[in-house]
1. Looking at the range B:546-559, which of its residues are part of a helix (DSSP H, G or I) and either at the interface with another protein chain (Cβ under 8 Å from one of its Cβ atoms) or at pLDDT 95 or above (or both)?
2. Name the one entry in B:Arg338, B:Arg356 that is within 21 Å of the chain's Cα centre (by Cα) and open to solvent by 50 Å² or more (accessible area, probe 1.4 Å).
3. For the range A:241-258, check the following and say yes or no: at least one residue is more than 14 Å from chain B (Cβ to nearest Cβ), farther than 22 Å from A:Met1 by Cα and open to solvent by less than 60 Å² (accessible area, probe 1.4 Å).
4. Of the residues that make up the range B:560-567, is at least one part of a loop (DSSP other than H, G, I, E, B), within 9 Å of another protein chain (Cβ to nearest Cβ) and out of contact with any His (no Cβ under 8 Å at 6 or more places or on another chain)?
5. Any residue at all in the range A:165-185 that's assigned to a loop (DSSP other than H, G, I, E, B), in contact with a Pro (Cβ under 9 Å, 6 or more places away or on another chain), open to solvent by 10 Å² or more (accessible area, probe 1.4 Å) and not aromatic (Phe, Trp, Tyr)?
6. Of the conditions (1) within 10 Å of another protein chain (Cβ to nearest Cβ); (2) part of a helix (DSSP H, G or I), A:Thr190 fails just one. Which one is it?
7. Which residue is farthest from B:Lys547 (Cα to Cα), if the candidates are limited to the range A:324-360 and must be within 11 Å of chain B (Cβ to nearest Cβ) and either assigned to a loop (DSSP other than H, G, I, E, B) or among the polar types (S, T, N, Q) (or both)?
8. Could you tell me whether B:Ala544 is within 29 Å of B:Asp302 (Cα to Cα), in contact with a helix residue (DSSP H, G or I) (Cβ under 6 Å, 6 or more places away or on another chain) and aliphatic (A, V, I, L, M)?
Amino acid sequence: MAGIYFHIPFCRQACHYCDFHFSTSLATAAEMMEAMCAELLQRRDYMNGKTIQTVYFGGGTPSLIPSSAIERFVNTVRNEYLLHDEAEITLEANPDDLSDSALSEWKRIGINRLSIGIQSFHDEDLSYMHRSHSAGQARDAVQCARRHGFKDLTVDLIYGTPTMNDERWLENLAVLEDLDLPHFSAYSLTVEPRTALQQLVRTRALAAPDDETAASQFNILMDWARSHGYEHYEISNFAKPGRYSRHNTAYWKGEHYLGIGPSAHSFNGHERYWNIRNNPDYLRRMAQSLPLGEGEVLSSIDQYNEFVLTSLRTQWGIRLARLQELFGTMFLDHFMLEKSAAEKQGWLKYDGETVVLTDAGRLYADHIAADLFMAKGGQ
Amino acid sequence: MKNIRNFCIIAHIDHGKSTLADRLLEYTKTISKKDQQAQVLDDMDLERERGITIKSHAIQMEYMYKGEKYILNLIDTPGHVDFSYEVSRAIAACEGALLIVDAAQGIQAQTISNLYLALDNNLTIVPVMNKIDLPSADPEVVKDQITDLVMCERDSIIPASAKTGLGIEEILQAIIERIPAPKGTEDAPLKALIFDSVFNSFRGIIAYFRVMDGEIRKNDKVKFVNTGKEYIADEIGILKLDKQPRAVIKTGDVGYIISGIKQASEVKVGDTITTKDRPCLEAIKGFEDVKPMVFAGIYPVDTDEYEELRNSMEKLQLNDASLVFQPEASAALGFGFRCGFLGMLHMEIIQERLEREFNMTVITTVPNVSYTAYLTNGDIMDIHNPSEMPDPNYLERIEEPYIRAQIITKSEFIGSIMTLCIGKRGIIVNQNYLTTDRVELQFDMPLAEIVFDFYDKLKSISKGYASFDYHPIGYQQSDLVKLDIRLNGDPVDALSALVHRTHSFEFGKKMCEKLKELITRQQFEIIIQASIGAKIIARETVKALRKDVTAKCYGGDISRKRKLLEKQKEGKKRMRQVGNVEIPQQAFLAVLKLD
């Protein structure tokens, strides 16, 4: 199993909450696509001959760049890598970019899954988030994609926005019910460091999200998903049985991936590598044949901690036999000892083989993971 | 003896004392420029970083002048109020002093109090105006200040720049011409003043002394008059860049003695060295047993490290006799030590040395001064910790230490400084214009009020144009109450404080507000209360954390999030638990950061 991630570092406008890397200046877009294609060719050996099962175009806004560029990436992967016949090829798109021509082009070049950034079906929420589309465009987007034959569709929603109360959140979920999608992601609005939202909250230009509301809406979401046949397979991800995002699931299962483009991360089992988070710098480095980023070799403690962090967030949880196989008895003993506090709180369920979060535990996943972590420099 | 000159340097921090000292060493060829480490006299890392000399040292230079060789002993002095007793002993070992004043900044409070000390000891003052090469130098105004203070001629002030080397030869010549040679009786019994000591892990304690009368020889049986202890002078010598052993140190000269002493507490600054066989009739005046002024609890962050902390403190005490400590137990913090310090800087230094030299991470509690409680049954108690405060029913009265504060500032800041000092229970006792726009203010104030954030506040309201010094003036009766802090009903003993009754409500309110800021939200609500006895005077609530989970966790987020959580976990190790509430380390010093 292996995947390739393309980071398209451009957006039409900056959403207040977003801490991913992007630029709203599209002047270097063509040059950037050239450079990313060059990187894709240069790093052929990184995947060590593994079959590529998933390709993911994220960002930024991949729907913003010409489909010819996407086509070139897909073809290069096809020609230069071992791309599986039934590979999942996902493209993130904004509702306002889903034109008939774009959709038919994407279909033609082999995109078989679309991830649509809807966020909310209410204009007030969208304006708080500083999204570029309207609620109307959001509703139409899914139907439009379906008309072009896209069956594997997912949408992103955001809850916990100060403009949103529990009723409105239920209204959003009701629209989702009508759309009858195989998959959706729902994120709790987070004030990330160095974002416009952080600045606006600090200067009190915008209200801060509060965790009381977010917790309540998360609970509503969990109940709704369960009663509508969705598996809550990761903290923020929901799917009809078997319709998981294969690309993202690979991240949580410690599979290998290659990240192309500014700020993209790669992982080959023991080393994580990250490209520079700056468009002009990325282009300059590419032009001068300098390293595009830097890497770090993960120690066994790092790997264990990442295993705990990511596995715990999934519905499959942590399988003790797998933990022991990967990290040995010492880590297993540590885990067994540290898990009891969260178990007593009713945050963890243990059936003798696997440890999974309860609904209550899902609200404190970070806290629980940190408790289960191995401290640097011993127990 | 006629060719010996003993002198010290009086200067405010940053006025260039260390750089000037280096220049003197360089011009007398005591060190070559090549092997000159920046600021030779400060040899602890900490000293160099803080740019101040914490412990005094001495060094001997030789200088040829008009065909004669002169011995110049420079006795360095610490530059902070915490160490004012050590300064007074260093001054007592000298006949003269270089007064260094920054040509741009002018005279500061610290300089004045040390200058008065030097004048009281009849030292000859050689005024030097340093940094005259600075564009912001204002030599005429600074000259006015100096002539007013020292009562000297304007042209006796030597313009200098330690940076460029300007004026250094003139300073050396002035030391020889103006400062008198030491006076002493060569054939009298030995009388030598200990003005400093250092700890050497191989040789034990090395004491620095100035011979006032008589002479000291290697292998003499010596006696330290105030401690009454006797030793053999295993090695004596003079201090160049290294120690240079000698057979004899004669009247007027400065040297060191090594006599196998292991404990710093046996060598007291200000003590007199004499010989056992032919003792001097009386000790040198001015000896004092240094008493700690500020007390605080020091606890290991990891409770298992109590024994290690004790070992580290004992080692620290070997070369810093002014540190005192005794075991103490706190319900909130476990086992630790109540420590006495000379002042706040001394406390910070000890804390940093524990971390740097002994790799100990510690929690320091709110510092307090030493109070004296007079009980109804006639008993008198020293109180070093709020928890020792006797029940009010048995308390006749309580006294707290007062200081006289000396503040020099620009006249435009008088109003705000007055407000600050009066708010800190200060009473103005003197106001004196040094020049038309520089004024010296004196206040009598409780020491407890300056222990906290006084100096920081003074600096900020005067935009840095105020300097400050103080000395203790004894104890005065005070209306003090014990203020307790409770978290979810459980009292946190380490957060108790003794405060003046008139300040208690405001203090309690601010403490609760500050703690609300510092205590991180947990999965349950935390109620913070301030109380005097059973009466709650302030209350704040830390809301329960309803959610602690990352929304997005994809490729690049994974290691970023892992590192963040690892850091949080590390921070948690430094927290203490009272009941089920986790208290971060900073909270124990919250009181220092009120406002």
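The values are calculated or read from the model by the stated rules, or taken from the named source; none is laboratory data. From a predicted model like this one, the values you see are computed outputs, not experimental measurements. All Cβ positions, glycine included, derive from the backbone under ideal geometry; neighbour counts span all protein chains shown. The accessibility values were calculated without ligands, DNA or RNA, using every heavy atom of the protein model including side chains. Shrake-Rupley method; radii C 1.70, N 1.55, O 1.52, S 1.80 Å.
1. Correct list: B:Gly555, B:Gly556, B:Ile558, B:Ser559.
2. Testing whether each residue is within 21 Å of the chain's Cα centre (by Cα) and open to solvent by 50 Å² or more (accessible area, probe 1.4 Å) leaves just B:Arg356.
3. Looking through the range A:241-258, none of the residues is more than 14 Å from chain B (Cβ to nearest Cβ), farther than 22 Å from A:Met1 by Cα and open to solvent by less than 60 Å² (accessible area, probe 1.4 Å).
4. Scanning the range B:560-567, I find no residue that is part of a loop (DSSP other than H, G, I, E, B), within 9 Å of another protein chain (Cβ to nearest Cβ) and out of contact with any His (no Cβ under 8 Å at 6 or more places or on another chain), so the answer is no.
5. So far as the range A:165-185 goes, no, none of its residues is assigned to a loop (DSSP other than H, G, I, E, B), in contact with a Pro (Cβ under 9 Å, 6 or more places away or on another chain), open to solvent by 10 Å² or more (accessible area, probe 1.4 Å) and not aromatic (Phe, Trp, Tyr).
6. (2)
7. Looking at residues that are within 11 Å of chain B (Cβ to nearest Cβ) and either assigned to a loop (DSSP other than H, G, I, E, B) or among the polar types (S, T, N, Q) (or both), I get A:Gln345.
8. No: the conditions fail for B:Ala544.
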